[in-house]
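Right, one structure below, let's go through it.
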Amino acid sequence: MAGRVARWSVLVASVTVLVIPLEACSQDSVEPPTRAPAETVTATVTVSATPDVTDTGPRGAVSGLPIVLRLGNADELHFRSPSGNIDCWIFGPSYGGGAECVPHQKEFPDPPRRACQLDLLPALRVDAAGVTTYGDCRGDVVGVPGDNVLEYGTAARGGSITCGAQPTGVTCLNPDTGHGFTLSRASYTIF
């Protein structure tokens with residue numbers, strides 16, 4: 001269970017049982033039955049409920065967050081991080097389905113150069129199949145004036161992709177495949 005911390009909801013009950021041994025009674029018996037002294041037994045019973053699992057890995061950055069933005073009928077959902085440094089969009093089926101985020105300022109190397117007739121952006125992308133890449137050749141920008149702000153502790157969802165904003169960065173994940181990325185000013189991680 002690497003990367004996960006499990007917190008169990010536990011109900012502990014103390015049960016006191018009074019044990020009184022009974023002796024067999026018969027009609028032939030003329031002597032009154034004798035009783036052994038009563039014993040008191042105390043037992044602690046632990047009942048475990050469903051575990052409350054907090055995922056500290058990449059999935060934890062999106063699991064359990066309230067979804068405040070949805071792709072809906074539109075084919076594009078644009079949003080930015082609360083700091084304004086990361087612009088993202090979740091795109092629908094007509095664009096292949098997935099999500100992409102681009103930092104305005106970053107402290108990590110540019111993507112490797114490749115043949116690109118447009119601009120090679122330091123974009124991270126996860127598609128509907130779970131393929132995750134760094135570097136996108138494009139001539140337009142991801143951010144759109146008036147983009148929604150995805151507040152820290154909330155998520156956006158479109159198709160098979162969920163993106164969550166935390167103070168540590170933006171994580172976009174395809175939960176069907178377990179693949180995605182986390183992006184911050186300081187670094188990025190592809191998983």
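What's the carbon and sulfur percent of the stretch 85-139's accessible surface, probe 1.4 angstrom, rounded to a whole number? Percent of accessible area from carbon and sulfur atoms in the stretch 85-139: 52. Remark: spin-label model distance ARG138-ASP176 equals 2.1 nm, labels positioned 7 Å along the Cα→Cβ axis. Full extension of the chain between ALA115 and VAL149 gives 8.9 nm of extra length, using 0.36 nm per residue less the Cα-Cα distance. Take 171-181, 157-167, 100-110 and order them by the average number of nearby Cβ atoms within 10 Å per residue, most first; the result is 157-167, 171-181, 100-110.
Label reach from GLN105 (point 7 Å along Cα→C-beta): in the stretch 170-191, amide nitrogens under 20 Å belong to 170-171, 183-189.
The values are calculated or read from the model by the stated rules, or taken from the named source; none is laboratory data. Computed from a prediction, not measured in an experiment: that's the story for all the values here. Note that each Cβ is placed from the backbone with ideal geometry, even for glycine, and that neighbours are counted across all protein chains shown. Side chains included, ligands, DNA and RNA excluded: accessible areas come from the protein's heavy atoms. Shrake-Rupley method; radii C 1.70, N 1.55, O 1.52, S 1.80 Å.
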